[in-house]
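The values are calculated or read from the model by the stated rules, or taken from the named source; none is laboratory data. Keep in mind that this is a model prediction, so the values were computed, not measured. Quick reminder, even Gly has a Cβ in these numbers, built from the backbone with ideal geometry, and neighbours come from all protein chains shown. Accessible surface is based on the protein model in full, side chains and every heavy atom, while ligands, DNA and RNA are left aside. Shrake-Rupley method; radii C 1.70, N 1.55, O 1.52, S 1.80 Å.
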Amino acid sequence: MTTEDLATAVVGVAESDLGRVTAGTRPVDLMAQATCRALEDCGLGLDDIDGVFAASTAIAMAPLNIAEYLGIRPRYLDGTQVGGSSFVAHLNHARLALMHGACDVALIVYGSTQLSEGRARSAPQEVEPFEVAFGPRYPLLAYSLAASRHMHEYGTTQRQLAEVAVAARTWAQKNPKAWHRGPLTVDDVLESRPVATPLRLLDCCLVTDGGGAVVMTRGDRARDLRRQPAYLLGVAEATSHRHIAQMPDLTRTAAVESGRRAFTMAQLAPSDIDVLGLYDAFTITPILFLEDLGFCDKGEGGSYVEGGRLAFGGDLPMNTNGGGLSYNHPGMYGLLSIIEAVRQLRGECDERQVPGARIALVHANGGVLSSQCTAILGSEPAA
Amino acid sequence: MSPDAPLETYRTRLAAGVLAFQRDDHDRAVFPPRSVTPHGNSGSLRWDESEGYGVIYAISTLSKSDGSCRHLALVNLDEGFRMLSEVRSAGRTPRIGQPVQVRIEDSGSAGPAPYFVIVGS
């Protein structure tokens, strides 16, 4: 067998309708829509899917719901739910299932109508009895606490946080599907309403409807399908806590572990990455992940994002779809980040295309910095 | 294994005015309370009472639409555990590094709860 045969690859990708969908649309409707579009993208049919990977805060047994809706009976099911990083974990799990022949065509899928139906119904927060008396607002509070600590230990400033939001907007302006495409300055962010200090409204990701689907196969099948495969070169999962009060160090996430293992598997380093997707639930998170994945030293993330380095036209393209901050954030964002990485590798990104992109890194976060999953995708089966 | 539900023991102690936590066989503090010793250590957990002194590790002020605000913090207790709480500071904005002390007060719907005040205020 060749290297290609032993590899696994993403062969089909598609978003569902995004932004604000028709009232009465259910999350499973968006999941099915995205699935059909992803199958059309790669030329496979519903009957080809024999592995289903799904998670949703609104649907307790998501793989079952989508299988029923699509009228399929997969022989491999995975409902791993670790928050927004679930879909990068699903890349890992689909890889293992495909490698062992437990399935031949894996579908990873998500959909949410959190804007249309209200976030409280769409994403009910687990109640922690040791904290309920204090009325914490999660996930927001966890990230504002982390930002407060990063500012205290490393002198990270509000302006540096705002630069992350401004950079995201420069890419959103190049993406016709982005929710916010108007101009945005650092001062605009600093003047937005404080929600949980040090974070302001424009430091926080969007609350939108949306979803997506990706299809994975082994390498031998990938090369016969419609699109250029995006090979999974490295992938890893890590966790350090569930509740923010249990995070050992608020400035150091488990991305240190997931990134190290993903880079080791791929036999690559940060300097090899052409395009990045770093989960931007809040402006603090890309700063943390740039440090923890090794793009800059711990504590240097704030200065690293200054000067437009991560913006359109900058040295390190990040969140080229406009991110959760400006493009779309349907509650669990990881799948959308995977889709953008695959499109960059295929050269399908038009105005926001990173020229010659051959290696993409997708890092996703789940819960309250609780789950960290890193994937590295490439245009070739091996680096 | 503790025969009692850890959460219930914790609540019973709060009602008696005590912030309770656990220690493992190496005297390391464990919080929140649980039935199994974490970190792969064998042995048991025993209950202990915190003196209630600690330091603010992280802080965030939540704003409400009516203009009111609350200060929520992660507090490192001197005994070596960390918890989320609200700092009731009578108008002063709490800062990371400030020493705080527990004040168990009624939270209303959730019963007695361990709030914190800035030491010296």
Quiz item: What relative contact order, as a whole-number percentage, does region A:174-268 give when Cα pairs under 8 Å and 6 or more residues apart are counted?
Solution: 18
Exercise. Determine the sum of side-chain charges near A:Gln158: Lys and Arg each +1, Asp and Glu each -1, restricted to other residues whose C-beta is under 9 angstrom from that of A:Gln158.
Key: +1
Practice problem: When you have a sec, figure out the Kirkwood radius of region A:97-193 from all distinct Cα pair distances and drop it here in Å to one decimal? | Solution: 17.8
Practice problem: Enumerate the amide H contacts of B:Ala113 below 5 Å, restricted to partners 5 or more residues apart or on another chain; note that Pro and chain-start residues carry no placed amide H. | Solution: B:Glu105, B:Asp106, B:Ser107
Practice problem: Mind grabbing the base-10 log of I(q)/I(0) for chain A at q = 0.09 Å⁻¹? Debye formula, identical points on the C-alpha positions, no solvent, two decimal places. | Solution: -0.45
Quiz prompt | Among A:Asn319, A:Asn65, A:Asn92, residue whose mean-square fluctuation peaks in a GNM of chain A (springs only between Cα atoms under 10 Å) | solution = A:Asn65
Quiz item: What are the ³J(HN,Hα) values, in whole Hz, obtained from phi via the Karplus relation 6.51 cos²θ - 1.76 cosθ + 1.60 with θ = phi - 60°, for each residue of region A:221-234 in sequence order, with x given for Gly and Pro?
Solution: 7, 4, 5, 8, 9, 6, 10, 5, x, 10, 7, 7, 8, x
Exercise. Over the whole of B:106-118, what's the average partner chain Cβ count within 10 Å per residue? Rounded to a whole number, please.
Key: 2
Quiz item: So what J values fall out for region A:50-66 if you push phi through Karplus, 6.51 cos²θ - 1.76 cosθ + 1.60 with θ = phi - 60°, rounded to Hz, Gly and Pro as x?
Solution: 10, x, 10, 10, 8, 8, 7, 6, 9, 10, 5, 10, 3, x, 6, 4, 6
Quiz prompt | Value of [θ]222 nm, deg cm²/dmol, for chain A, DSSP H segments ≥ 4, -39500 (n - 2.57) each, nearest 500 | solution = -9500 deg cm²/dmol
Quiz item: What do you get when you divide the Cα radius of gyration of region A:237-383 by 2.2 N^0.38 Å, with N the number of residues?
Solution: 0.98
Self-check item: Residue-averaged beta-carbon neighbours from other chains (10 angstrom radius) around B:61-73
Solution: 4
Exercise. Calculate the translational D of region A:309-349 in whole µm² s⁻¹ from Stokes-Einstein, where the hydrodynamic radius comes from the Kirkwood formula applied to all Cα pairs, the temperature is 25 °C and the viscosity 0.890 mPa s.
Key: 228
Self-check item: Whole-Å distance, taken between Cα centres, linking region A:348-383 and region A:149-216
Solution: 19
Quiz item: For A:Asp350, what is the net charge nearby, where nearby means another residue's Cβ is under 10 Å from its Cβ and Lys, Arg count +1, Asp, Glu -1?
Solution: +1
Exercise. Using packing as a proxy for protection, rank B:90-101, A:217-228 so that the peptide with the highest average count of other Cβ atoms within 10 Å comes first.
Key: A:217-228, B:90-101
Quiz item: Considering only DSSP states other than H, G, I, E and B, which trypsin sites (Lys or Arg not before Pro) in region B:36-74 qualify as loop sites with at most 13 other Cβ atoms within 10 Å?
Solution: B:Lys64
Quiz item: Which FRET efficiency value, to the nearest 0.05, is calculated for A:Val127 and A:Asp315 with the Förster distance at 45 angstrom and r the Cβ-Cβ distance?
Solution: 0.55
Quiz item: So if we plug the beta-carbon distance of A:Ala269 and A:Thr22 into 1/(1 + (r/R0)^6) with R0 = 56 Å, what FRET efficiency do we get, rounded to 0.05?
Solution: 0.75
Quiz item: Using a basic spin-label model with each label point 7 Å from the Cα along Cα→Cβ, how many nm lie between A:Thr185 and A:Leu201?
Solution: 1.8
Self-check item: Relative contact order computed over chain A (Cα-Cα under 8 Å; 6+ residues apart), in percent
Solution: 26
Practice problem: May I ask you to list the lysines whose Cα is less than 26 Å away from that of A:Lys298, ignoring any residue fewer than eight positions away on the same chain? | Solution: none
Quiz item: Using modelled amide H (1.01 Å from N, peptide plane; none on Pro or chain starts), what sits under 5 Å from the amide H of A:Arg200, excluding residues fewer than 5 places away?
Solution: A:Val195
Exercise. For an R0 of 30 angstrom, estimate the FRET efficiency from the Cβ-Cβ distance between A:Leu96 and A:Arg73 and round to the nearest 0.05.
Key: 0.90
Quiz item: How large is ³J(HN,Hα), in whole Hz, for each residue of region A:245-260 in order, when computed from phi with the Karplus curve 6.51 cos²θ - 1.76 cosθ + 1.60 and θ = phi - 60°, using x for Gly and Pro?
Solution: 5, 9, 6, x, 9, 5, 9, 9, 8, 6, 4, 4, 6, 5, x, 4
Quiz item: What spacing in nm lies between the two simple spin-label points modelled at B:Arg88 and B:Ala15, each 7 Å away from Cα in the Cβ direction?
Solution: 2.0
Practice problem: Taking all protein chains together and a probe of 1.4 Å, list A:Ile287, A:Ile359 from the most accessible to the least accessible. | Solution: A:Ile359, A:Ile287
Quiz item: Is it possible to state the helix-based mean residue ellipticity at 222 nm for chain B, with each DSSP H run of 4+ residues giving -39500 (n - 2.57), the sum divided by total residues, to the nearest 500 deg cm²/dmol? What is it?
Solution: -2500 deg cm²/dmol
Quiz item: Looking only at GluC sites (Glu not before Pro) in DSSP loops with at most 16 other Cβ atoms within 10 Å, what is the longest site-free stretch of chain A?
Solution: A:127-299
Quiz item: What is the mean number of Cβ atoms from other protein chains located within 10 Å of the Cβ atom of each residue in peptide A:121-132, rounded to a whole number?
Solution: 3
Quiz item: Among A:Gly155, A:Gly277, A:Gly84, which one moves the most in a GNM of chain A with springs linking Cα atoms closer than 10 Å?
Solution: A:Gly155
Quiz prompt | Nearest 10 degrees, 0 to 90: helix A:86-99 Cα axis against chain A principal axis | solution = 30
Quiz item: How far apart, in nm, are the 7 Å Cα→Cβ label points at B:Leu7 and B:Val55?
Solution: 3.3
Exercise. Using only the C-alpha atoms of region A:131-285, find the volume of their convex hull and express it per residue in Å³.
Key: 172
Practice problem: Would you mind counting up the charge near A:His243? Only other residues with Cβ under 15 Å from its Cβ, with Lys and Arg at +1 and Asp and Glu at -1. | Solution: 0
